[in-house]
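K.L.:
Let me begin by handing over the structure; questions about it come next.
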Amino acid sequence: MTTLSSARRVVVLVLVSASLALVPPLAPTEGATDPGFTVVFAPGGFSSALARKPRPVVRLRVPPEVSDQATPRALVRVQSQRRLPAGHVVVRTAGKTLATVATKQRRVLHARLQLPAFKAGIYKVWAVFRGAAKTRSKISIVRVVSAPQSVVSNTGCAWRPDACDYRDATNTGPRMAPALRVPEDVQSGEGWQWDDRGWVRIYGAGAVFEGFAVSAGIDITAPNVTVRNNVLRSSTEWPISLRNADGVIIADNSIGGTSAAALCDNGIRDIYGDSDDVQILRNDISWCSSGLNHFNLGGVIASNYIHDLGHECSDGDPDCGHFNGIQLGAGDGPLMTIENNTIFVPYGATDAIMLANDDGPQANRTIRGNLLAGGGYTFYGSGGPSGDATGIVFTDNRFSTIYFPDSGFWGPVAHWQSGGGNVWANNVWDDGPQAGQLVRP
């Protein structure tokens, strides 16, 4: 005989089965269009959730309009609640594979892919992750126009910074390939020498260090030194460090760690924070935790491409590391100008630019005309525990959403202080749904 309790179990089972039949799994929307900004497809639906095997989320971003003479770039992001399975991400259009990148054992994959030139027309483009399961992004529309029509609008500069007169790999770094290696080919020159402890010492006032490839650090301890047209790669603390070195010029170098898995700490660091009148110009800086750090006094940091900083957070914490594009320490001395830099921090930790004032107030900083994206907050203003900031001018900068919808993981800006002669003006969204609109502090 069936008991009342057994009967209830039968009824509940029937009701649950019926409800599952009424909830179909999510499916891609064929033919869905996108204006060229972030598109997201999260497949799996209710049935996948029950199986506790969510598929990776695939995002694809492509420029909405390009010339038929251009080779556009695409940004692919694949994210999983667990480590990504082995496989490939393929960017496709109808009947054609445009680019391919392999996944690695990580939770998030960021990849910038070069696409071939298109003939004039309108194309549907999407990304497919091919691994243990097949997952794809929504469709994006790319309009290709015949040259010489203008294709660069006032938005979307992060997709091709050089087309907007910003800096990227095409217009920074050495102007010629280094001819000699240090210490393999040469170990000394006028005002510098290789130190047997494993780095280059530049000790001569006015010394010029140019045209070398160095897989170690460079330590500058003299004024008016010039370091230019070098490839400086080191997985030790600092490829370039300054110690009591005024008037230094660091220009047209490739600087950073030895690989994405072997980061340097800071690409360029002022060890004591007392080097004045520095000029840091047109460098390509990557594969470090931070690009530039501890510059507290005056000078110019201009036209640098600072990118691919930081590392994946293995525990899933978006703030697992301290990653800075440019960090200025406390200082109220000569003017420091930061302008026309492209700074991309692909992880949700710290910033593209920080005015730190843990050890004292900030003053006399002009930050203008930079292209910024990523970090925890993309820009950390001058508010903090050590008093009010004065004379901070932050104008004509562009905030991109290539990594996060609000530019930084948490937002575009934190700790901005009004008053005290500080100016916030004409800072805009580079792309995304608010492209061209003002960013409010």
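Here, each number is a calculation from the coordinates, and none is a lab measurement. All of these numbers come straight from a predicted model, not from anything done at the bench. All Cβ positions, even for glycine, are placed from backbone atoms using ideal geometry, and neighbour counts span all protein chains on display.
K.L.:
What whole number of Å gives the distance from the Cα centroid of the stretch 116-145 to the Cα centroid of the stretch 381-441?
P.N.:
Spelled out, the Cα-based centre of one part sits 33 Å from the other.
K.L.:
Further question on the same structure: Tally the DSSP beta bridges in the stretch 180-429 and give the antiparallel ones as a percent, rounded to 5. Numbers along the way, then the final one.
P.N.:
Working: 8 of 88 bridges.
Of the beta bridges lying entirely in the stretch 180-429, close to 10 percent run antiparallel.
K.L.:
Please report 119, 124 as a ranked list, fewest other C-beta atoms within 10 angstrom at the top and most at the bottom. Intermediate results must be reported in sequence, preceding the final value.
P.N.:
Numbers: 119 8, 124 16.
Ranking 119, 124 by Cβ neighbours within 10 Å, fewest first, gives 119, 124.
K.L.:
How long is the gain from residue 358 to residue 236 if the chain were fully straight, where each residue apart is worth 0.36 nm and the alpha carbon distance is subtracted?
P.N.:
On the way: separation 122, 0.36 × 122 = 43.92 nm, distance 2.60 nm.
Stretched out fully, the residue 358 to residue 236 stretch lengthens by 41.3 nm.
K.L.:
Taking a virtual spin label 7 Å from the Cα of residue 277 along the C-beta vector, which residues in the stretch 237-253 bring their backbone nitrogen under 15 Å of it?
P.N.:
244-250
K.L.:
Rounded to whole Å and ordered largest first, report the semi-axes of the equivalent ellipsoid of the stretch 326-389 derived from its Cα gyration tensor (root of 5λ). Walk me through the numbers on the way to the answer.
P.N.:
Details: eigenvalues 83, 44, 10 Å².
Calculated on Cα positions only, the semi-axes equal 20, 15, 7 Å.
K.L.:
List residues of the stretch 208-230, by number, whose backbone nitrogen lies under 12 Å from a label position 7 Å along Cα→C-beta of residue 244.
P.N.:
Inside the label zone: 221-223.
K.L.:
Another question, then. So, in nm, how far is label residue 260 from label residue 119 when the simple model puts each one 7 Å beyond its Cα toward the Cβ?
P.N.:
Taking the simple label geometry, residue 260 and residue 119 are separated by 3.4 nm.
K.L.:
Could you tell me, in Å, what Rg and Dmax come out for the Cα atoms of the stretch 180-429?
P.N.:
Taking only Cα atoms of the stretch 180-429, I get Rg and Dmax of 17.5, 56 Å.
K.L.:
Between residue 177 and residue 86, what FRET efficiency follows from the Cβ-Cβ distance if R0 is 45 Å, with the result rounded to 0.05? List each step's numbers first, then the result.
P.N.:
On the way: r = 35 Å, r/R0 = 0.78.
The formula returns an efficiency of 0.80 here.
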